[in-house]
Amino acid sequence: MLATSLTAAVVGVEAHLVRVEADTAAGFPKFTMLGLADSSIKESEGRIRAALRNCGYGFKWDRRITVSMAPASLRKMGSSYDLATAVGLLAADGTLPAPPLADLLLVGELALDGAVRPVPGVLPMMIAARARGLRAALVPADNAAEASLVGGVAVYPVRSLPEAVDLAGTAERPAPPALAPCRAAARSTADLADVRGQALARRGLEIAAAGGHNLLLSGPPGSGKTMLARRLPGILPLLTPEEALETTAIHSAGGVGLDGLLTERPFRSPHHTASDAALVGGGSIPRPGEVSLAHNGVLFLDELPEFRRHVLEALRQPLEDKEVTVARVRGRVRLPARFQLVATMNPCPCGGRGDARRGCACPPSRVQAYQARISGPLLDRIDLIVDVPALPYADMTGPPGEPSAVVAGRVAAARARQAARSPLTGVLTNADLDAGILGRVARADAAGRALLERAVDRLGLTGRAHDRLLRVSLTIADLEGSDTLASRHVAEALQFRRQPAD
């Protein structure tokens, strides 16, 4: 007898519906799994056997049993197929009388005692189910709040295989239970008021937040670079509902533990030993890397020169394209990666260069080799380079800085001006402005144009650096509420274009 159930496979950050076909026939006892299933799925036979036996189902294994997962061209991995396979086998065995499985998504891992365990990627699975018109989903109870974020699909939390079988075999399912809303993740409590002094660095952080610009903080150890960077999420606007669902779905697909719907922009801080695949994504089964987990948020690279050169170079394409394309023999996977890069570095290996109190013992060749770990093309993609000097005692013990809430208000006003231009530009932040449209919205006065021309000629700026300078100038004008780029806006942007530790 043949029976079919539906589940989903997550590839990259997108889910695809998978049809699980279970067939039982007379013949030599054998269990066959088809459809590019990896070893974790083939091991499900043992879990399903034990679960069926321990739940009291008299399933007959003394025959030829075939389970096929379609489409066969899509590689499947993980344990989320257990529940759909077990219910399909019971349907093929006649335990479920003509089960209405055509509009039902089944997701979950089975324990040996029949308990249904949570799995990663439930949110993108639910998005795919809604897109395909499915009306209901049976998901592990621990994933129910996450699944309920997607409207239009009735969510039934299940804790055991018998509970799932009862619901799957019912032609008229009861109304889904009322689920506690998935709470929003807590907002960061780190406040800019904790930062004393560092007026230039605070200004650079505000400009970066207002325009979505990439930022490099350069200074000696202990000057407050990391402290400043970790306060960036507190002055960024909250995620919109669409961005929140998209970002949370990426984290779900990446297997990141979710406390609730993400409302604050993600802040990812990988260690400098991270591989290029961990940073930009990949693997034999492509999974999102740190740049995708930072989508709609911030990627923070502390001690930038300590990252391996080829890992940093892998950032160049996602910084430009706002996505990562992973090509494999069986196809290509697109991973979204629209993030804001924030990095820190010391001016030299010992960190004392430029600090009169500490001094630097590094020979020039060593300083040059240290700074050369960051390539020119990567630096060219960083909009703001800010010095964070060591502070004297009077500044370190001075009054608190301006709180994040006040700065966030100015950032929100500047972003509102950028959003008002979006019908023309097609983007919401100045950092994403296309070069073709930039000249139409960044209109400089005569003095501003003259300063731009001198800067390009004297500093030898590339075309990309010129455009980035223009975008930063536009953000400074937005913070001021000005419709025209004046020379003061260009001049302030220029002071953030210098090389680190010059």
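The values are calculated or read from the model by the stated rules, or taken from the named source; none is laboratory data. On a predicted model such as this, the values are computed, not experimentally measured, just so you know. Methodologically, a virtual Cβ is constructed for each residue, glycine included, from the backbone with ideal geometry; neighbour enumeration extends over all protein chains shown.
Within the range 77-100, the set of residues being part of a loop (DSSP other than H, G, I, E, B) and surrounded by fewer than 23 Cβ atoms within 10 Å (Cβ to Cβ) comprises 77, 78, 79, 94, 95, 96, 97, 98, 99, 100. Of the helices (runs of 4 or more DSSP H) that lie entirely inside the range 392-444, those containing 1 or more residues that are within 16 Å of residue 477 (Cα to Cα) span 404-420, 435-441.
One line per residue, one yes/no per condition, for (1) of a type in the set (Val, Ile, Thr); (2) under 30 Å from residue 357 (Cα atoms); (3) buried (at least 24 other Cβ atoms within 10 Å of the Cβ); (4) modelled with pLDDT of 95 or more:
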| position | (1), (2), (3), (4) |
| --- | --- |
| 133 | no, no, no, no |
| 170 | yes, no, no, no |
| 179 | no, no, no, no |
| 201 | no, yes, yes, no |
| 215 | no, yes, yes, yes |
| 219 | no, yes, yes, no |
| 225 | no, yes, yes, no |
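Filter the range 14-49 for residues that are modelled with pLDDT of 90 or more and among the β-branched types (Val, Ile, Thr) and give the result. Hits for the range 14-49 are 18, 20, 24, 32, 48. In the range 372-392, the residue that is farthest from residue 430 (Cα to Cα) out of those that are of a type outside the set (A, V, I, L, M) and surrounded by 20 or more Cβ atoms within 10 Å (Cβ to Cβ) is 387. Taking each residue of the range 244-265 that is more than 16 Å from residue 125 (Cβ to Cβ) and looking for partners that are part of a helix (DSSP H, G or I) with beta-carbon atoms closer than 6 Å, six or more apart or interchain, yields 261/244; 261/248; 262/244; 262/247; 262/248; 263/244; 264/233; 265/233. Checked against (1) under 15 Å from residue 23 (Cβ atoms); (2) surrounded by fewer than 16 Cβ atoms within 10 Å (Cβ to Cβ), residue 53 meets all criteria but (1). Checked against the criterion of being at negative phi, under 28 Å from the mean Cα position of the chain (by Cα) and free of Cβ contacts under 8 Å to residues at least 40 places away in the same chain, the candidates 62, 82 yield just one match: 82. If I filter the range 42-49 for residues that are more than 30 Å from residue 250 (Cβ to Cβ), free of Cβ contacts under 8 Å to residues at least 60 places away in the same chain and of a type in the set (Asp, Glu), do I get at least one hit? The answer is yes; a qualifying residue exists. With respect to the stated conditions, residue 200 fails to be in a loop (DSSP other than H, G, I, E, B) and not hydroxyl-bearing (Ser, Thr, Tyr).
Applying the selection to the range 313-348, what residues are without any contact (Cβ under 8 Å) to a residue 40 or more places away in the chain and touching a Ser or Thr at 6+ places or on another chain (Cβ under 9 Å)? Within the range 313-348, 317, 318, 323, 331, 332 qualify.
For residue 62, the requirement of being at pLDDT 95 or above and assigned to a loop (DSSP other than H, G, I, E, B) is not met.
Apart from one condition, residue 397 fits all of (1) under 30 Å from residue 467 (Cβ atoms); (2) out of contact with any Lys or Arg (no Cβ under 6 Å at 6 or more places or on another chain); (3) among the β-branched types (Val, Ile, Thr); the exception is (1).
Taken over the range 453-482, the residue count meeting the criterion of being free of Cβ contacts under 8 Å to residues at least 12 places away in the same chain, closer than 24 Å to residue 420 by Cα and not in a helix (DSSP H, G or I) is 1.
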